[in-house]
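Read through the structure below, which is laid out as structure tokens, and then see the notes.
The values are calculated or read from the model by the stated rules, or taken from the named source; none is laboratory data. Just so you know, these numbers come straight off a predicted model, no measurement behind them. Quick reminder, even Gly has a Cβ in these numbers, built from the backbone with ideal geometry, and neighbours come from all protein chains shown. Please note that ligands, DNA and RNA were not included when accessible areas were found on the heavy atoms of the full protein model with its side chains. Shrake-Rupley method; radii C 1.70, N 1.55, O 1.52, S 1.80 Å.
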Amino acid sequence: FLWGSGFPAILTAIISAIIFFLIVVSKDTDHKSKIKTLEMLLRINSDEINYLHQNFGNTYNGKELEPANHTYAQDLDIFGQSSIFQYINRCNAEQAIVLFAERLLNPLNKEKIIQQQNAVKEIRSKINWWQQFHAFGVNEKITIDSKRKINEWLAQENKVFTNPGWKLLLYIYPVI
């Protein structure tokens, strides 16, 4: 159709088509991400309804976190099936699960408890925020091994940008 119009018209049409294609792909990616997030939020809310009805299903009960000789852990059913841990645990990261179990076994002092209660009061009305945060935690698992790998990476010496050529480029590039 544009062949007779000349090279500038053909080039303009090709560039316009590429830009349009990239916009459509970008929108599609955004929509897929939104759909995935909404599906996760639906699952989270469905799980919460199940928890309210004492239906824990296959949620983690923390039984292996229970120490052998603890003064009240077994008497109060801190860990195990239908336990306090299983009822109130919403942690996704391994470090958070271990910390939560530690808090159940060794409570904080009064000042620290009040600080944490104030933190919870601050976010309790921000339901959308903490649901998005929870959905991100479910989608992006953070393990103790990931923490170790990140710390090892941070401890590595930066070998890439120590070259004087890179330092020179830092000043030349903005000018270009």
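Is one or more of the residues making up region 95-105 assigned to a loop (DSSP other than H, G, I, E, B) and at pLDDT below 90?
no
Among the residues of region 147-176 satisfying the criterion of being over 30 Å from N92 (Cβ atoms) and in contact with a helix residue (DSSP H, G or I) (Cβ under 8 Å, 6 or more places away or on another chain), which is most open to solvent (accessible area, probe 1.4 Å)?
Per the criteria, the residue is F161.
Can you confirm whether L99 is hydrophobic (A, V, I, L, M, F, W, C), farther than 20 Å from F133 by Cα and without any contact (Cβ under 8 Å) to a residue 40 or more places away in the chain?
no
If you go through region 107-116 one residue at a time, how many are open to solvent by less than 80 Å² (accessible area, probe 1.4 Å) and either touching a helix residue (DSSP H, G or I) at 6+ places or on another chain (Cβ under 7 Å) or not in a helix (DSSP H, G or I) (or both)?
Number of matching residues: 1.
Taking region 83-93 only, how many residues are open to solvent by less than 80 Å² (accessible area, probe 1.4 Å) and either among the aromatic types (F, W, Y) or part of a helix (DSSP H, G or I) (or both)?
Residues that pass the stated criteria total 3.
Taking the stated definitions as given, is S146 under 29 Å from the mean Cα position of the chain (by Cα) and not in a helix (DSSP H, G or I)?
For S146, the condition - under 29 Å from the mean Cα position of the chain (by Cα) and not in a helix (DSSP H, G or I) - is not met.
Six or more apart or on different chains, Cβ under 8 Å: which pairs go from a residue in region 113-130 that's at pLDDT 90 or above to one that's of a type outside the set (D, E, K, R) and not in a helix (DSSP H, G or I)? Could you list them?
I113/P107; Q116/L108
Can you tell which of G4, G80 is assigned to a helix (DSSP H, G or I), more than 23 Å from W130 (Cβ to Cβ) and of a type in the set (G, A, S)?
G4
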